Each structure stands twice: as structure tokens, then as C-alpha cells.
1. Can you check what the net charge comes to around ALA248, using other residues whose Cβ is under 12 Å from the Cβ of ALA248 (Lys, Arg +1; Asp, Glu -1)?
2. For helix 197-212, what angle does its Cα long axis make with the longest principal axis of the chain, in degrees from 0 to 90 and rounded to 10?
3. Leaving ligands, DNA and RNA out of it, report the carbon-plus-sulfur percent of the accessible area of the chain at a 1.4 Å probe.
4. Mind ranking 79-91, 127-139 by how tightly packed they are, going by the mean number of other C-beta atoms within 10 angstrom, highest first?
5. Using alpha carbons only, how many degrees (0 to 90, rounded to 10) separate the axis of helix 2-15 from the longest principal axis of the chain?
6. Once the piece of chain linking ASN42 and LYS82 is laid out straight, how much longer is it, given 0.36 nm per residue of separation minus the C-alpha distance between them?
7. Using only Cα atoms and rounding to the nearest 10 degrees, what angle (0 to 90) does helix 169-179 make with the longest principal axis of the chain?
8. First measure r as the distance between the Cβ atoms of GLU55 and TYR286, then evaluate 1/(1 + (r/R0)^6) with R0 = 25 Å and state the FRET efficiency to the nearest 0.05.
Amino acid sequence: MKIIFILFLCCTFAFSQFDSTAYDLKSEEVLKTFDVSPDFLNNPYFLNVKNSFLEEIKQDYLLKKFKNNDEFIPTLKAMFLKEGIPQEFLYLAMIESGFSLSAKSSKRAVGMWQFMPKTAQALGLEINAQIDERKDPIKSTKAAIAYLKGLKEQFGKWYLAAIAYNCGEGRLKKAIKEANSDSLSILLDVDKKYIPLESRMYIRKILSLSLLFRNIDMLKTNDYDYFLNRGANSLLATIEVAPATPLAKIAKEAHLSLDKLKAYNPQFKGNITPTFAKIYSVYLPYQFLATYKASNADKATLQSKPYLLHRVNKGDTIYSISKYYGVSSKTITQYNAIKNVNSLSINQEIVIPLDQG
């Protein structure tokens, strides 16, 4: 989806017409949040990208992306507000992934914030056989905030933090040195090409989206003016559960379907919480929290379901593993979210749930 989105932008960039824009306070406010000079509003190449967003089909696509993520966006806004991050960095997540928690790139970047494995692990996110916290909506956003704040501290300006997020700290340092300036207009010079084309387009797109969603007339015309009143209060509740807790059990207690619960928690690779930590955070919409609490009112402590870990050896099959442990094949495949029983790999970890006693 990200590749299609970028190609679409590049095509519209090529065919859109040059235009000019008048200064207005709202547009200047957007640029100021990124530490960008207001005169950038009249940069012709920026206008070319900005105007491409005003095309009817793309505009509708962008608005629907926001509408389809009603439950995540207020959570992100609340986290940004708490940490002093400009709200406009919402559009970084939109450009990176379209707000998809499970987005994947050809370069192995994963999640809403499109972290590469090394970057994610350096920021404290777990990636292993049972969990990928790049897909965790809260933990990945905390990591993105920490990363952006670090980049801002290093480079001094929010627009430089956004560019470094895309092309890397080393690449941006080299560009600033070559240009002998950190001015946005100079760094985006189309002839000098101090930074890669993708990064030049990247910051233009973030600014364009920020301006688009500050356009009151556009929002009202499309019956999306409620965006203006959308608060920064999280709509996601966090519950703590024991390791090896079946997600189906949590879903049942909250009166949610398993698929719906997993949509909010794609960080779990199987259908149970991982086995190696003391507790895990699981997310669900606030309207289901009271139901879940009522189902667990008499449970004073977190109780872990007993389990064993089986590492797949050569010749192992789901049937042979099932027979060895005396646990049904169906239970094993469900708990481990195994879709193809014929595709086990050597050293793959299989969680074997056991009955008490």
C-alpha cells in the first residue's frame, strides 16, 4: 500500500500545475510547528505536491484513511500531546503506513511507524518468534516519539527530525554539511539533490497533509468537519494479562470476536500471549473494558495457563507433536495461529497448552 501511495504521489507531482498560495495564519501556524519559514508556502515544487492532494480522488482516499482509524488517531494525539510532539506528526504515520499496524515494506520495515529491525530493537521493542512489538500500537508509538524527540534534540528543528526519520541521521548530516545549511529550501534543491528524492518528497507530503487537514472549507464540504473537534483522549483501554493467556479467552470475557481483538493486537504472532514475560499489555476499545472487568471481578491475581515449549525437529509434524504431548492438533494449531500444518520449520517454537494438573 505504501508503494502504491508513493507512486500515486509521484505521478500527480509530474502532471500537476504550478500555482501560488496566499499567506494565511492557519497555514503559517502549520509551518511553524515544523520550524519551517512561512515563505516556504510559495515554493513552487512544494506547491506542486500540495496541489496534487486537492484532487478529488486522492482527497477522498485520504479522508477515508482518517475515518477508518477513528479509534487509533485520538490515542496517538493524546500521546503526542503528553510528550510535546507536534500533532502534525500524525501525517508521518499516515504516509509511512496509512495507519496500518501490520504494514510491511520491501525493506523489512514493519508497523505503523515502519521500523527496521535494528532500529526497533535499539528503541527497546521486542522482536522474536512470539511477538513483534513494531505492530504494538502503544509501544511502537512510544518508540516513535522517543526517536523523534532524539532527532529533534540532535538537529534542532522538527522538519529536520522528520527528514532524518526517513533518510537516516548520517545521510542528513552529510547533506547539511554539503549544503553548508540546514534551510529546508536549500536542502530540497532539485538540482543539487542534497537528500534523496524520496526524502525530499517525504517532508513535502507531510506538510501538504498538515495543510489539507487544517482546511476548514474542505472538511466542511466533505462532511468531515468533525475532524476539527476530534479530541486527544485515548479510545483504547489497556489490560494486563499473564503469559500464555489465550486471546480467545480475553475476547470472550470482553464480548469481542477473536478477530476483532487481534486487529487491536497484531503484535502477538500466535493466539496466546507470549510465554517469557511476567505480564503483557493487551488493548481493546474502552466500551468493552467494563464487560471484561465484570468477567474478571473475582480473579484477584493473574494466573498463567500451564504450557510447554516444543522446538520443531526434523521430521516433526503437527500430528506427531500432538500425539507426543497428548494435546489435540486443533488446540495446537489454534494457540499458535498455524494456518498451514504442512509448513513447520526447523527450530520453530510451538507452544503446547496443558490442562491444570
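The values are calculated or read from the model by the stated rules, or taken from the named source; none is laboratory data. Since the model is a prediction, treat every value here as computed from it, not as a measurement. Cβ: placed from backbone, ideal geometry, glycine included. Neighbour counts: every protein chain shown. The accessibility values were calculated without ligands, DNA or RNA, using every heavy atom of the protein model including side chains. Shrake-Rupley method; radii C 1.70, N 1.55, O 1.52, S 1.80 Å.
1. On the way: positive: LYS249, LYS252, LYS260, LYS262, LYS305; negative: GLU253, ASP259.
With Lys, Arg at +1 and Asp, Glu at -1, the net is +3.
2. Roughly 90 degrees between the two axes.
3. Details: 9370 of 18060 Å².
Exposed carbon and sulfur together represent 52 percent of the surface.
4. Working: 79-91: 17.8, 127-139: 20.6.
Per-residue mean Cβ counts within 10 Å order the peptides as 127-139, 79-91.
5. Once rounded, the angle reads 20 degrees.
6. Numbers: separation 40, 0.36 × 40 = 14.40 nm, distance 3.28 nm.
Roughly 11.1 nm would be gained on extension.
7. Orientation of helix 169-179: about 10 degrees from the principal axis.
8. Working: r = 36 Å, r/R0 = 1.46.
Efficiency at R0 = 25 Å is approximately 0.10.
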